[in-house]
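Since every read-out is calculated from the coordinates, none of them should be taken as a lab result. Since this is a predicted model, take the numbers as computed values, not measurements. Glycine gets a Cβ as well: all are built from the backbone with ideal geometry, and neighbour counts include every protein chain shown.
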Amino acid sequence: MTKSNFTDYKLSKEIRRAIDMLNYKSPTKVQEKVLPVALENKDVLVKSQTGSGKTASFAIPVCELVNWNENKPQALILTPTRELAIQVKEDVFNIGRYKRIKVPALYGKSSFSQQEKELKQKTHVVVGTPGRTIDHIKEGSFVTDNIKYLIIDEADEMLSLGFIEQIEKIISHLPNERVTMLFSATMPEDISDLSKKYMKNPIEIEIEAKTLTVDKIEQFAYKIEETGKLNLLKDITIVENPDTCVIFCNTRQKVDMLCEKLSSLNYTCDKIHGSMEQDDRIKVMNNFRKGYFRYLIATDVAARGIDIENVTHVINYDVPVLRENYVHRIGRTGRGGKDGRAITFVMKSDERRMFEIYSYTGKDIELRKIPSKRLVHELKPKFEKKLSVKPEIKEDKGINLSKDIMKLHINAGKKTKMRPVDIVGTLCSIDGMSAEDIGVISILDISTYVEILNNKGEMVLKTLQTKNIKGRPRKVTKADI
Ligand code: AMP
């Protein structure tokens, strides 16, 4: 029997409240199947498409089951890419917000020492890419003795990126007594081998999908050679007039070139590829998510798992080299039950690859006639109108959660021996405040951040202007969330 309401599961009020605030009305299929099993601490092997709500299917039980009082990390979530690590961290953080779950993300090309500092504090759930996670284990900054939950997300991608040895090495540092959950869009043999080796009688869950791609995505293609692609792209964007569009290319150089060309034509666009600094990559993805620009030009670093609401179009400027990447790329649209359009530019030399893609996805990709000059001309004014209008700025997924939370900055930290009990003690001595109104506390060297929940931030901020913390007045100000 399946359940269709989150209230049917044994979830604490903190987790349920976060689910409500995220506006998740009822569990998705994968959540219906995974939640009851994972909440009973059983291993699960899950085959499910991206965009199915699978992150919450492991984030909800993990946030529910970790013990807040423990200081050392209890759960490790491994993801193949840095972008996905950041996204999963945000999802876990949002779900665990009212339980005050601390979730550092460990990934490369980003400050090691900053991550080290976060790991030194109370930490419940660690999200990491394999390489950086191993580095922290080796350095002793990530203590794994208390890990009770291991989640391997996008396992097929991990293996195709050659992370198997690193994953095995990480597992060798984890306690044997643990729950392991493995999520994958496809189940090639090496995944079953991995599961046999490291999982205990896993419950196998498969979310049925008729084809590998979401039915709501309309897929079509145009025959075109390299020299004609840019002009075709211009025409297609005029005819399709997308609200939000990801254009995939196979090389970084081409991404750079296309971004430059489209910018000079006044398209609101930006780019992402592997040669860019990680901080810039994060900034671009956040700006795209918020809707600051309409066209993201990307290599496959943006193809996997990345969840951006309302991407209406995906254009494959180049046919992907790996057929799996076709599925991942076009899966950036048609998410959450919405419609999407996936358009592929096919050169004569791509025909074999396209055939492999049809056979793999089980779905026809209709070959269409290039739009006529007349049609392009007719639709151009409408397109130019949209181009001149600033895109609508989208709200953050966790906006409801943030609305009644205020983050405060206190100018005292470890160097002045500030401890969480000092903060909690002071806050609870304020009239109308209880432990339930205190969110995540982060104590750094010379500053402390604390979240005040339930709309009590202003009141606390005012009181702390005159109230001592740890025997002395401290400067307390509002911090950015
Ligand atoms: P994922 O497959 O984890 O990338 O999730 C896809 C999208 O579905 C994300 O934007 C989630 O925030 C959203 N989502 C997850 N669970 C639910 C739910 N039960 N109801 C509505 N949206 C959900």
Item checked: Residue order, fewest to most beta carbons within 10 Å, for Val66, Val311, Val321 -> Val321, Val66, Val311
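Treating the beta-carbon of each Lys and Arg as +1 and of each Asp and Glu as -1, no other charges, what is the dipole magnitude of the range 217-388 about its Cα centre, to the nearest 20 debye?
Numbers: 31 positive and 25 negative charges, 78 e Å.
Here the range 217-388 has a charge dipole of around 380 debye.
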Notebook entry, point to check: In whole Å, what are the Cα extents of the chain along the three principal axes, biggest one first?
Noted result: 76, 53, 44
Next item on the list: Over the alpha-carbon set of the range 283-354, divide Rg by the Kirkwood Rh and report the Rg/Rh ratio to two decimals.
Entry: 0.98
Next item on the list: Rank Asn286, Ile191, Tyr358 by how far each Cα sits towards the positive end of the charge dipole of the chain (+1 on Lys, Arg Cβ; -1 on Asp, Glu Cβ) and give me just the farthest.
Entry: Asn286
Margin query: Filter Lys216/Lys290; Lys89/Lys229; Lys283/Lys417; Lys89/Lys169; Lys25/Lys290 down to the pairs with a C-alpha to C-alpha distance above 28 Å, please.
Written below: Lys89/Lys229; Lys283/Lys417
Item checked: Sorted largest first, extent of the range 55-146 alpha carbons per principal axis (Å) -> 29, 26, 18
Check: Which angle from 0 to 90°, rounded to the nearest 10, does the C-alpha axis of helix 54-65 make with the longest principal axis of the chain?
Finding: 10 degrees
Checklist line | Nearest 10 degrees, 0 to 90: helix 373-388 Cα axis against the chain principal axis | finding: 20 degrees
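For the range 313-348, which trypsin sites (Lys or Arg not before Pro) pass both filters: DSSP loop (anything but H, G, I, E, B) and at most 15 other C-beta atoms within 10 Å?
Details: sites: Arg323, Arg329, Arg332, Arg335, Lys338, Arg341, Lys348; in loops: Arg332, Lys338.
Sites meeting the loop and neighbour criteria: Lys338.
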Item checked: Base-10 log of normalised Debye intensity for the range 177-296 (one unit scatterer per alpha-carbon) at q = 0.17 Å⁻¹ -> -1.00
Item checked: Spin-label proximity, Lys470 to the range 399-427 - amide N less than 17 Å from point 7 Å beyond Cα toward beta carbon -> 408-427
Next item on the list: Rounded, prolate or oblate: pick one for the range 358-405, where a ≥ b ≥ c are the square roots of the eigenvalues of its C-alpha gyration tensor, a/c under 1.5 means rounded, and failing that, prolate if a/b is larger than b/c, else oblate.
Entry: oblate
Next item on the list: Run the numbers on the chain and let me know its relative contact order in percent, using alpha-carbon pairs under 8 Å that are six or more apart.
Entry: 14 percent
Checklist line | Structure-based [θ]222 nm, the chain - -39500 (n - 2.57) summed over DSSP H runs of at least 4, per residue, nearest 500 | finding: -11500 deg cm²/dmol
Check: Computed from the mean reciprocal separation of all distinct C-alpha pairs, what Kirkwood hydrodynamic radius does the range 6-206 have, in Å?
Finding: 16.7 Å
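With a ≥ b ≥ c taken as the square roots of the eigenvalues of the C-alpha gyration tensor of the range 217-388, please select rounded if a/c is under 1.5 and otherwise prolate if a/b is larger than b/c or oblate if it is not?
Rounded.
Would you mind classifying the range 1-78 by shape? Square roots of the alpha carbon gyration tensor eigenvalues, ordered a ≥ b ≥ c; an a/c under 1.5 is rounded, otherwise it is prolate if a/b is larger than b/c and oblate if not.
oblate
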Notebook entry, point to check: Scaled to the compact-protein estimate 2.2 N^0.38 Å, what is the alpha-carbon radius of gyration of the range 404-479, rounded to two decimal places?
Noted result: 0.95
Check: Over the chain, what is the percentage of antiparallel beta bridges among all DSSP beta bridges, to the nearest 5?
Finding: 25 percent
Check: If you put +1 on each Lys and Arg Cβ and -1 on each Asp and Glu Cβ, how big is the dipole of the chain around its Cα centre, in Debye rounded to 20?
Finding: 1420 debye
Checklist line | Burial ranking of peptide ranges 297-303, 136-142 (average Cβ count within 10 Å, highest at the top) | finding: 297-303, 136-142
Next item on the list: Taking the chain as the reference, fit the longest principal axis to its C-alpha atoms, fit the long axis of helix 278-290 to the helix C-alpha atoms, and give the angle between the two in degrees, 0 to 90, nearest 10.
Entry: 80 degrees
